[in-house]
Amino acid sequence: MRPRLLSWGIVIGSALSLWTGPVSAQLPAALQAAQERLTLQPQAVELVWNELNQRPFPIIEPHASDDGLSRVTFIYRSAPDAQAVRLDSVIAAPLARQPVLDYERDFTLPLQRLPGTPIWWIQLDVPRDVEAVYSFLEARDADWVRQPDPQNPRRLQGRAAESVLRLDRAPDRSPVRPVLTWPGPPDTHDLVSTALGREVRLRVQRAASAAPCAPVLVLYDAFLWGERAPARDILHNLASAGHIPPTYLVLVDQLDPASAGRAYRDQVDFLANELQPWLVREGLAGPHCPVILAGASRRGLVASLAVLERPDLFAGAISLSGSYYWSPTGEAPEWLARHVPQAGTSPSRFFLAAGRLEYVETGTNAGHVMLETNRRFADVLEAQGHAVTRHEFAGGHDVAGWRHALADGLVDLLGPE
């Protein structure tokens, strides 16, 4: 069953599933003046652009009739040869043409061009508690070229990082603020894995002032959590504020695509039989020291699977938009929910986070959308006696929401209470 598109998020009027243009066909005030000037002075594009970008982009204004929304105008100057420009962001979810079979066509949103210029725009009404990444896609010949918003100083970290839309009721930024000075880079280690048939690159951040048997966070995807949204900053900020104890961080390089064909059993073998003994040898963990597994999307699924199978080794899982719709080939959807064992006397803990905009049907999930499958998986865990925290954040399937959810999950699993 597909959730109603107006349950959460952007308010856009009517005919949502057939929507083919911007929310507002009326030119925003900032661009109205620009167009009037260009009508009189067609060669004044440079001057008009310089006047427009005197204010930060995107332009965020109060909504005329709904205190829960902001009116957001995205403005972008393209390359001269761009034939079209589209907005790529999870805030497009309420406008998606479902099921999404062609991502650019069905999910991203077309901008309108200011006639006779390389200036493009789109205006959306967005909930004020949203933080989401976005970028622009320029159509050049047969290719889409991805670009961040050069007029927006808010970005993820790393080269070519996406821009960030942050509205005034978004979560507190203090847990995710960049730490400007570190004594050195994380340690890197190569662990030869028989289970995965390859050498696994690990990044390890040892926690300053860590107590004996300090917690360990094992997190999949070293690029996402090492470069774009550094998890070590989150751990440092939370520990400095007293929300969690100093915690070691171990980043696993990637989730092997071929593992899906083995129902991710090889990942569980790697985590339990190779990584856990390595943590002990390195002095990062002991027999009764808490090890938390975490990851986003398929990686959240794997973290949950490993904790269910080896509660003797892993104290809990933080799953960020876990792909609980997934099943091995030939199996019905939501396979893991049908294989949840009864909790033991000391059950592991689960923090399941999903975005309120994760209700889009795709060819991959076949209608078993993220938000609903996360809710159903939580129901099954609770029915089997496991300890579960449900967390639904104002966003979608992107790291802007995930990094806040990761911080919340760490406080939930490791905090003083």
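The values are calculated or read from the model by the stated rules, or taken from the named source; none is laboratory data. These numbers were taken from a predicted model, which means no experiment stands behind them. FYI the Cβ positions are ideal-geometry reconstructions off the backbone, even for glycines, and counts take in every protein chain you see.
So, of the residues in the stretch 374-396 that are under 17 Å from the mean Cα position of the chain (by Cα) and not in a strand (DSSP E or B), which turns out to be surrounded by the most Cβ atoms within 10 Å (Cβ to Cβ)?
Filtering the stretch 374-396 for residues that are under 17 Å from the mean Cα position of the chain (by Cα) and not in a strand (DSSP E or B), the one surrounded by the most Cβ atoms within 10 Å (Cβ to Cβ) comes out as G395.
Are there any pairs, at least 6 apart or on different chains, whose C-beta atoms fall under 8 Å, with the first in the stretch 105-116 and closer than 16 Å to A139 by Cβ and without any contact (Cβ under 8 Å) to a residue 12 or more places away in the chain and the second of a type outside the set (D, E, K, R) and assigned to a loop (DSSP other than H, G, I, E, B), and if so, which?
Final answer for the pair search is D106/A96; D106/Q98; D106/P99.
If we scan the stretch 335-347, do we find a residue that is in a helix (DSSP H, G or I) and small (G, A, S)?
Among the residues of the stretch 335-347, at least one is in a helix (DSSP H, G or I) and small (G, A, S), which makes the answer yes.
Take L238 and tell me if it is at pLDDT 95 or above, outside any helix (DSSP H, G or I) and either hydroxyl-bearing (S, T, Y) or closer than 21 Å to G316 by Cα (or both).
No.
List pairs: first residue in the stretch 379-390 and on the phi > 0 side of the Ramachandran plot, second residue basic (K, R) and not in a helix (DSSP H, G or I) anywhere in the structure, Cβ distance under 9 angstrom, at least six positions apart or on different chains.
Within 9 Å, no pair qualifies.
Out of the residues in the stretch 256-283 meeting the condition of being buried (at least 18 other Cβ atoms within 10 Å of the Cβ) and assigned to a loop (DSSP other than H, G, I, E, B), tell me which one is farthest from the chain's Cα centre (by Cα).
That would be A263.
Taking the stretch 55-95 as the search range and keeping residues that are part of a strand (DSSP E or B) and of a type in the set (A, V, I, L, M), which one is surrounded by the most Cβ atoms within 10 Å (Cβ to Cβ)?
Here the residue is V85.
Would you say V145 is more than 15 Å from A92 (Cα to Cα) and among the β-branched types (V, I, T)?
For V145, the condition - more than 15 Å from A92 (Cα to Cα) and among the β-branched types (V, I, T) - is met.
When both residues are 6+ apart or on different chains and their Cβ atoms are under 7 Å apart, which pairs have a first residue that lies in the stretch 262-281 and is over 18 Å from H189 (Cα atoms), and a second that is modelled with pLDDT of 95 or more and of a type in the set (D, E)?
V268/E309
Going through A222, A207, A263, A241 one at a time, which residue ends up being touching a Phe, Trp or Tyr at 6+ places or on another chain (Cβ under 6 Å), assigned by TED's automatic domain parsing to the domain that holds D398 and either over 16 Å from V291 (Cβ atoms) or among the small types (G, A, S) (or both)?
The match here is A207.
Being out of contact with any Asp or Glu (no Cβ under 6 Å at 6 or more places or on another chain), of a type in the set (G, A, S), surrounded by fewer than 23 Cβ atoms within 10 Å (Cβ to Cβ) and not in a strand (DSSP E or B) is the requirement here; does G322 meet it?
When the stated conditions are applied, G322 does not pass them.
Could you count how many residues in the stretch 96-114 are out of contact with any Lys or Arg (no Cβ under 9 Å at 6 or more places or on another chain), in a strand (DSSP E or B) and within 24 Å of Q151 (Cα to Cα)?
Residues in the stretch 96-114 being out of contact with any Lys or Arg (no Cβ under 9 Å at 6 or more places or on another chain), in a strand (DSSP E or B) and within 24 Å of Q151 (Cα to Cα): 2 in total.
Using the structure shown, decide if H236 is over 26 Å from E372 (Cβ atoms) and either aromatic (F, W, Y) or surrounded by fewer than 20 Cβ atoms within 10 Å (Cβ to Cβ) (or both).
Here the answer is no, as H236 does not meet what is asked.
Just to be sure before I move on: is G316 farther than 26 Å from Y103 by Cβ and either touching a residue at least 24 places away in the same chain (Cβ under 8 Å) or in the same structural domain as S89 (by TED's automatic domain parsing) (or both) in the structure I sent?
Yes, satisfied.
Could you please let me know if D141 is acidic (D, E), at pLDDT below 95 and out of contact with any Phe, Trp or Tyr (no Cβ under 6 Å at 6 or more places or on another chain)?
For D141, the condition - acidic (D, E), at pLDDT below 95 and out of contact with any Phe, Trp or Tyr (no Cβ under 6 Å at 6 or more places or on another chain) - is met.
Just one of Q98, Q123 is in the same structural domain as I75 (by TED's automatic domain parsing), under 29 Å from A29 (Cβ atoms) and touching a strand residue (DSSP E or B) at 6+ places or on another chain (Cβ under 9 Å); which is it?
Q123
With closer than 24 Å to N273 by Cβ, of a type in the set (A, V, I, L, M) and in contact with a Phe, Trp or Tyr (Cβ under 8 Å, 6 or more places away or on another chain) as the only criterion, which of L413, L308 stands out?
L413
Which number in (1) over 23 Å from E199 (Cα atoms); (2) touching a residue at least 60 places away in the same chain (Cβ under 8 Å); (3) not aliphatic (A, V, I, L, M) marks the one condition that P287 misses?
Failing condition for P287: (2).
Within the stretch 173-220, work out how many residues are of a type in the set (A, V, I, L, M) and either touching a helix residue (DSSP H, G or I) at 6+ places or on another chain (Cβ under 6 Å) or not in a loop (DSSP other than H, G, I, E, B) (or both).
Looking only at that region, the number is 13.
Name the one entry in R159, R146, R201, R155 that is outside the structural domain of R232 (by TED's automatic domain parsing), surrounded by fewer than 16 Cβ atoms within 10 Å (Cβ to Cβ) and either at pLDDT 90 or above or at positive phi (or both).
R146
Within the stretch 397-405, is even one residue closer than 27 Å to P99 by Cα, assigned to a loop (DSSP other than H, G, I, E, B) and in the same structural domain as I318 (by TED's automatic domain parsing)?
yes
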